[in-house]
């Protein structure tokens with residue numbers, strides 16, 4: 001937490017947030033853009049990490065929370081804007097930080113906070129015409145049962161019924177007056193295509209040609225799930241492109257605010273389902289910050305080991321799928337998945353599940369490493385993984401077809417990467433040496449000797465090769481960690497399933513395999529988080545996707561998307 | 001080998017030609033042909049899709065069951081493996097994909113979400129199981145089902161195919177096969193059968 | 001030279017191809033369908049094809065593996081079923097997707113709650129296999145199963161009868177954990193007995 005004195009620069013409109021457990025500054029809405037510009041240009045906070053809203057219904061206010069960082073490292077600066085609930089309008093920061101684009105749209109979609117001056121303020125996760133803004137505290141969904149868990153209908157007098165049987169079509173959905181479903185026209189598509197560009201007829205070379213709108217997805221083999229790309233084409237060249245998401249929007253945050261703190265842990269597994277251990281890590285850090293609990297030494301080591309193994313298997317999978325996308329159909333991904341399986345074996349042995357590990361607890365871990373698992377990890381990190389990473393490198397990196405497909409394509413400059421709040425390998429492949437493990441070390445990362453993987457060209461090839469570099473660095477960390485790991489406890493205090501958490505806010509972030517994974521929590525002192533927000537790297541990295549693709553051929557869009565490495569569970573949440 | 005599965009009992013085949021001749025019923029050979037070449041659609045929804053990919057990959061390799069040809073186009077697929085959470089935003093697309101698949105077609109609901117809504121069931125954008133939209137043949141519980149559990153489910157599907165008869169399957173009956181009506185995305189997901197009730201209600205209002 | 005990278009890459013694939021056969025020869029037909037062969041194929045030294053020939057051979061699941069929950073019951077001396085569950089409701093409270101419904105029995109005479117369930121429903125199609133119920137059950141009653149072969153032609157809802165499995169089964173699938181828990185239970189019972197004895201001795205001394 002940084003304390004800065006803004007009183008001379010902003011005598012009015014900037015006050016420190018003095019609520020118990022809160023930090024940062026509260027900015028008057030009319031001063032916001034000026035403040036952000038000053039922050040970026042004079043104080044060096046060039047990286048806007050997270051934007052989200054909180055509905056303080058008791059105070060009749062919405063609060064928009066911003067987290068900004070310096071890319072040279074250091075702690076975060078939090079600033080907030082408070083507006084009345086019935087007049088929820090905040091100036092958009094997209095001009096100062098273009099990375100706010102999607103996040104502001106999300107806050108509009110889920111909370112109904114209007115960002116004036118936003119160039120394209122449409123719903124992002126839900127569809128146009130959806131009834132209401134679901135993260136508002138007074139909004140109830142179709143199968144609404146109770147505000148908080150545990151539900152009363154489970155014990156000791158259960159009323160067993162499937163939610164849909166009790167309430168077949170969600171009877172508490174409000175339909176507009178004179179609503180006729182047969183004549184209903186969803187408005188979204190027009191707005192989407194309108195935001196791309198107008199149809200234009202050109203006759204530059206004597207031929208009358210139209211610009212073309214093409215949709216990829218949501219069912220398309222190259223989109224890594226249910227993701228849609230709406231593109232405006234001139235011939236085969238991309239003029240403009242908008243990602244359309246929300247096809248896997250699973251209401252993570254709404255459910256998260258109903259769950260108890262511990263119940264959220266297995267749900268975080270399903271965010272970025274390729275790297276559940278990392279998600280656990282981030283969430284555990286955020287909650288531990290709130291309750292102020294220490295983690296025993298051995299548990300810290302196991303956490304780091306698991307997080308780094310997660311990074312390795314995630315990058316392997318990413319490389320495999322990326323090569324699938326550019327047409328190296330299946331062989332590289334089969335090789336990559338083979339190594340991944342061996343890592344998953346370890347996860348299964350340690351946590352009980354291959355993918356949904358649910359292994360971290362507040363103040364420690366669910367259980368100690370079972371006998372034999374440490375040896376298995378050692379076998380992998382000292383022998384197999386270095387060997388196989390080299391093999392992967394030999395197999396692909398010099399391949400002429402791959403190189404001609406990737407080198408110099410899909411460029412993202414360092415300035416743009418920072419501007420669009422790109423994170424993780426995407427940011428580092430553009431030459432910005434920003435890695436949270438180094439910039440603001442959490443857990444025990446400051447004890448290990450490793451380099452921040454860095455590439456400078458910012459093209460597709462660099463985004464591919466940097467993942468191999470990161471695997472090598474992770475192996476380096478792992479080799480140190482498995483040697484140094486001490487004996488001892490793995491949990492501070494007794495594991496508890498329900499606990500009171502002091503009121504306040506916290507932002508826990510880790511360097512996940514895809515970039516900065518942050519959890520913003522607001523506690524009101526009860527057993528459930530009042531606000532639970534996930535800063536999802538896959539989602540925010542997509543902000544740079546459109547600009548990266550402009551001017552490329554349509555086939556390269558697939559390669560660019562593959563090189564960003566998104567996981568839909570995290571993009572849509 | 002496979003011939004044994006194919007042979008109809010009750011007919012004596014001379015020993016010397018047993019290796020090359022099989023006497024069978026049309027049902028058997030038809031089912032055998034279908035069960036040995038179930039082409040799944042390359043269609044991943046969520047977490048389970050990753051396990052589906054792992055199942056398709058080297059270690060579990062469902063090509064051993066004739067399922068390696070994953071087709072991204074529904075027109076060429078026999079099996080829709082619904083691997084993951086069915087959201088309301090995706091629901092119309094799923095119904096459309098199902099309608100586009102040619103008969104005979106099968107649906108496997110992989111994992112808790114596709115079977116019954118799963119852990120995200122209470123959410124405002126989640127459909128409580130894909131069987132609210134399209135008919136499902138096999139349900140595989142698990143969150144996510146491990147690759148071996150998935151293969152177990154696919155074997156169950158093969159068993160189901162084995163038990164079918166040309167005379168009774170849905171797609172050889174008289175009359176056109178009706179396409180499944182597409183739900184609409186309104187203020188919430190609206191099923192076609194809901195429309196009269198909603199109209200009635202809005203009239204009253 | 002243009003094409004050198006391609007050739008290098010093809011060399012990798014060729015090596016893999018050859019490795020499979022070399023490994024086959026080295027294991028002399030024991031690479032498949034034997035426990036050692038399977039272990040070799042999932043070890044760091046695995047080379048070439050490493051397919052698990054499910055369903056003919058199954059990858060052994062580790063002790064901690066979790067699928068859907070089940071209830072453990074002890075067998076009495078005459079083979080009667082002694083349900084460990086006391087219907088305390090902790091599992092249904094801790095369950096993240098709230099997929100557990102428990103009805104606590106009431107004594108028909110007094111109308112007071114009894115420590116056993118009359119109904120225990122787990123909606124497997126909601127369950128997320130997270131294992132929190134098993135982790136926080138104070139009576140070692142609800143545990144995570146290893147049986148993943150439960151695909152069916154209909155939705156899966158487990159009632160009390162489907163859930164009950166004997167303690168011997170639990171010992172078999174999780175030997176280390178069950179031994180640990182049994183020891184802890186024994187220690188707790190002994191401590192309790194010792195305390196009771198001490199109290200008895202104290203009251204005796206007083207009188």
Is it possible to state the helix-based mean residue ellipticity at 222 nm for the protein assembly as shown, with each DSSP H run of 4+ residues giving -39500 (n - 2.57), the sum divided by total residues, to the nearest 500 deg cm²/dmol? What is it?
-10500 deg cm²/dmol
If Rh is defined by the Kirkwood formula over all Cα pairs and Rg also comes from Cα, what ratio Rg/Rh do you get for the stretch C:69-182?
0.97
Quick check: the angle from helix B:195-204's long axis to the longest principal axis of chain B, C-alpha only, nearest 10 degrees?
10
Pull out the extension gain between residue A:498 and residue A:375, defined as 0.36 nm times the separation in residues minus the alpha carbon to alpha carbon distance; nm, one decimal.
40.8 nm
Could you calculate, for the stretch A:190-244, the ratio of the Cα radius of gyration to the Kirkwood radius, expressed as Rg to Rh?
1.05
Applying 1/(1 + (r/R0)^6) with R0 = 45 Å to the Cβ-Cβ distance of residue C:24 and residue A:446, what FRET efficiency is obtained, to the nearest 0.05?
0.40
Scaled by the rule-of-thumb 2.2 N^0.38 Å, the alpha carbon Rg for the stretch A:14-116 gives a ratio of 1.01
Compute the FRET efficiency between residue B:18 and residue B:178 as 1/(1 + (r/R0)^6), taking r as their Cβ-Cβ distance and R0 = 41 Å, and round to the nearest 0.05.
0.35
Over the protein assembly as shown, how many percent of alpha carbon pairs lie in each 10 Å bin up to the one with the longest distance?
2, 11, 20, 25, 21, 13, 6, 2, 1, 0, 0, 0
What full-extension length gain, to one decimal in nm, is calculated for residue C:172 and residue C:45 as 0.36 nm per residue of separation minus the Cα-Cα distance?
42.8 nm
Would you mind computing the Rg to Rh ratio of the stretch A:320-393 from its alpha-carbon coordinates, Kirkwood style for Rh?
1.08
With the crude spin-label approximation of a point 7 Å out along Cα→Cβ, what separation in nm comes out for residue A:193 versus residue A:16?
5.5
Determine the principal axes of the Cα atoms in chain A, then give the extent along each, sorted from largest to smallest and rounded to whole angstroms.
69, 66, 62
Using only Cα atoms, find the angle between the long axis of helix B:47-56 and the longest principal axis of chain B, and express it within 0 to 90 degrees, rounded to the nearest 10.
20
Neighbour-count ranking [beta-carbon atoms within 10 angstrom, fewest first] of A:101, C:171:
C:171, A:101
In nm, what is the difference between 0.36 nm times the number of residues separating residue A:293 and residue A:86 and their Cα-Cα distance?
70.7 nm
Based on the Cβ-Cβ distance of residue C:184 and residue C:63, what FRET efficiency does E = 1/(1 + (r/R0)^6) give at R0 = 25 Å, to the nearest 0.05?
0.90
Hey, rough spin-label estimate for residue A:403 and residue C:2, points 7 angstrom out along Cα→Cβ, what's it come to in nanometres?
1.2
Would you work out the relative contact order for chain C, in percent, from Cα pairs under 8 angstrom that are 6 or more residues apart?
19
Once you order the gyration tensor axes a ≥ b ≥ c over the Cα atoms, which shape class does chain C get: rounded for a/c under 1.5, otherwise prolate or oblate by comparing a/b with b/c?
prolate
Just report the Cα centroid separation between the stretch B:170-185 and the stretch C:1-78, whole Å.
43
At what distance in angstrom do the alpha carbon centres of the stretch C:119-170 and the stretch A:369-408 lie from each other?
38
How large are Rg and Dmax for the stretch A:252-572 when calculated on the C-alpha trace, in angstrom?
19.2, 59
Candidates B:147, B:74, B:14; GNM for chain B (alpha-carbon contacts under 10 Å) flags as most fluctuating B:14
Hey, rough spin-label estimate for residue A:147 and residue A:58, points 7 angstrom out along Cα→Cβ, what's it come to in nanometres?
1.0
Quick check: from the Cα gyration tensor, does the stretch A:352-468 come out rounded (a/c under 1.5), prolate or oblate?
oblate
Most mobile of C:183, C:46, C:87 per a Gaussian network model of chain C (Cα springs, under 10 Å)?
C:46
Convert 20 °C to kelvin, take the viscosity as 1.002 mPa s, use the Kirkwood radius over C-alpha pairs of chain B as Rh, and evaluate the Stokes-Einstein diffusion coefficient in µm²/s, rounded to a whole number.
114
For chain C, with a Gaussian network of springs between Cα atoms less than 10 Å apart, report the residue from C:73, C:54, C:32 with the top mean-square fluctuation.
C:54
Please compute, for peptide B:83-93, the average count of beta-carbon atoms on other protein chains lying within 10 Å of each residue's beta-carbon.
6
With an 8 Å Cα cut-off and a minimum separation of 6 or more residues, compute the relative contact order for the stretch B:109-205 in percent.
18
Any idea what the relative contact order of chain A is, in percent, if you count C-alpha pairs under 8 Å spaced at least 6 apart?
17
By how many degrees, between 0 and 90 and to the nearest 10, does the Cα long axis of helix C:4-27 differ from the longest principal axis of chain C?
60
Quotient of Cα Rg and 2.2 N^0.38 Å for the stretch A:264-387, N being how many residues it contains:
1.11
Would you mind pulling out the separation of the Cα centroids of the stretch A:453-479 and the stretch B:64-81, in Å?
35
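Throughout, read-outs are computed from the coordinates displayed, never taken from laboratory work. The shown structure was predicted, so the numbers you read here are calculated from the model rather than taken from an experiment. Heads up, the Cβs are rebuilt from the backbone with ideal geometry, glycines too, and the neighbour counts pull from every protein chain shown.
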